[in-house]
Amino acid sequence: MSRRRWIILVVSFGATIGITGYFLRVGFSRPGPHPILPLWAHAAALTGVLLEVVTRSVKIRWAASALRIPLRFDTSLRVCLGGDFAASITPARSGAEPARFLFLAEDGIAPAQALLILFVELLLESWTLVALCVVFLVAFNGQGGVLGLMTALIGGYAVLILAAGAAAYKLAHGRARGPAPGWATSVGLHPGRWRAVQRALRSLRTNIGALRHARIGPLAAAFFASVMHVVLRLAILPIIALALDPTLPLASLLVWPLVFLYGGAVAPAPGGGGAVEFGFQYAYAASMSPAVLAGALLWWRFYTFYLYVLLGGVSVGGTVLRALRTRQHGRLHERAARHESPGR
């Protein structure tokens, strides 16, 4: 990573921690009881995090097995932790997939197979979001228009991703080769960009073609593991918040984290730059007392963000940083080569 990106990272993390500190100061400066998170809630949250990481690793391993690609569990575990660490220190989680690809490649997985595993993993995640949103809409029907709207938005986003993939696959059958059509040039896709689009379309066609021959048993097991890992991640806030205040409504404690964890991924700043903290305050200011809100925010962010950064940094952080640095140097060399004329 360049010095500029390190500065952005430090500023973003500083803003995130500073905003959390501000909410803590405001919450605990108010008169009244200040609840403390009991040890059993810490133990339950920590157990949930560890089970989530293990379940997600199992999902990747089963996805590879469905595709008849041998993959060791320790590799899938490093894929998870490396992706989490890279996602947390890069804008809009842009470093997650390159880091996951790196660890698959280090285990001897061919590039085409690594891309196929990552493609199926993301596809399972989209199916999981759609399934959970349907469950939430049915289970929490009539418990608040905002909750229904948020659930529908997340589910609609996942459906849109799946529909876009289906449209791209259909396009790949007729436009994966040859010159750019008229509509492509009209929207600014010159021949060079259109060739990049065609390469992506051919890759998508290959991936979906391989998915047709996937083994159903391991694929169903991978989907079940995908559902379980998302459920475990969503369970962290109810564990923490209900330990601080048992009267809080369960529906909002499940639906809003779905928005924060998946909608917050589009935040351009590493770690969200405080956007998640402000969203948390907006969502729960009316239902939580200031002290409960401050404590819930602190420990929820620790168990859903900072702990993942710590686990990823301790286990695979050095490898991820070297990969990001090598990737950046490669881009700089390519940029310099493009600026040099052939006669020089």
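Each value in this text was obtained by applying a stated rule to the coordinates, not by laboratory testing. Given the structure is predicted, the values throughout are model-derived calculations rather than measurements. All Cβ positions, even for glycine, are placed from backbone atoms using ideal geometry, and neighbour counts span all protein chains on display.
How many nm separate the modelled label positions at residue 28 and residue 105, each set 7 Å beyond the Cα in the direction of the Cβ?
Spacing of the two 7 Å Cα→Cβ label points: 4.5 nm.
Packing-wise, with mean Cβ within 10 Å as the measure, how do 85-96, 37-48 rank, highest first?
85-96, 37-48
Assuming R0 = 51 Å, what is the FRET efficiency of residue 247 and residue 94, from their Cβ-Cβ distance, to the nearest 0.05?
The formula returns an efficiency of 0.80 here.
So what's the net charge close to residue 315: Lys and Arg +1, Asp and Glu -1, counting the other residues with Cβ under 13 Å from its Cβ?
-1
What does the highest-first list of 216-227, 69-80 look like by mean Cβ count within 10 Å?
Descending mean neighbour count gives 69-80, 216-227.
Work out the FRET efficiency for residue 10 and residue 262 from their Cβ-Cβ distance, taking R0 = 22 Å, and round it to the nearest 0.05.
Efficiency, from the Cβ-Cβ distance: 0.30.
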